[in-house]
1. Compute the Rg to Rh ratio over segment 61-186 from the alpha carbon atoms, using the Kirkwood formula for Rh, and round to two decimal places.
2. Expressed in nm to one decimal, what extension gain is obtained for the pair residue 249 and residue 4 from 0.36 nm per residue of sequence separation less their Cα-Cα distance?
3. Quick one: P(r) of segment 147-203 from all Cα-Cα pairs, 10 Å bins, percents rounded to integers, in order of increasing distance.
4. Given the Cα-Cα distance of residue 229 and residue 127 and 0.36 nm per residue of separation, how much length would full extension add, in nm?
5. Between residue 159 and residue 184, what's the calculated FRET efficiency when r is the beta-carbon distance and R0 is 45 Å? Round to 0.05.
6. Can you sort 122, 198 by how many other beta carbons sit within 10 Å, fewest first?
7. Spin-label point model (7 Å from Cα, Cβ direction): what's the residue 48 to residue 237 distance in nm?
8. Given the Cα-Cα distance of residue 145 and residue 119 and 0.36 nm per residue of separation, how much length would full extension add, in nm?
């Protein structure tokens, strides 16, 4: 089912089903907020929502509403970074052979790109462009003296916040795509573990020929591990290195 984000000039918003345009649905200001229901379109009204509390809004009330909206938007980014890292840890817990077997599944493309292929810093990664744009916008809005703005200034702030909400809904979509891809990879591994295929996917310990010509396990000689385990660790370490600072930038206590 598709949903639409409906925003108002009073900073209230609703998430409504496209086929059932029921504007009586309540606002969702829970910590999950916009992340509770993915939206595919946005409709902004230049009118207030019609609630009696929105008929007359004082300067002090406007200031409180703006700062509450900014705080909620920051919360959404905090939820996003938590879900991103959760998906990453689940991805890196799967066997490299399993990941390789899902390379042709386009639903897994984003997960492979983010957690296994991309090597640039998250600050230079287009995936996080909207995150950074929203973060910068929210920071700038927080610096404004809302109570001193005239009607046109307030209308501009409201428009920016509502556009930021729409952008954050897109961030939610990308997180959902990551989670879907990782779930497919994990389900694939579970099926493989229940079949003979699993022994071919899991790399055996490193072996080499001894002086007698017999192959022997070399792990006891130098502490070596299976090559695919080494590969898994390298991939994880490269990913870990490239996302340094992501948690600190967006997480809220």
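1. Values: Rg = 18.2 Å, Rh = 16.3 Å.
A ratio of 1.12.
2. Working: separation 245, 0.36 × 245 = 88.20 nm, distance 2.91 nm.
That works out to 85.3 nm of additional length.
3. 20, 21, 18, 15, 11, 9, 6, 0
4. Values: separation 102, 0.36 × 102 = 36.72 nm, distance 2.77 nm.
Full-extension gain reported as 34.0 nm.
5. On the way: r = 39 Å, r/R0 = 0.86.
Result of the calculation: an efficiency of 0.70.
6. Numbers: 122 20, 198 15.
In order of increasing Cβ crowding within 10 Å: 198, 122.
7. According to this spin-label approximation, the distance is 6.0 nm.
8. Details: separation 26, 0.36 × 26 = 9.36 nm, distance 4.04 nm.
Working it through step by step, the gained length comes to 5.3 nm.
All of the numbers you see were taken from the coordinates with simple rules; none came from a lab. Predicted, not measured: the structure shown is a model, and the values here were computed from it. Ideal geometry is used to build each Cβ from the backbone, glycine not excepted, and the neighbour counts take in all protein chains shown.
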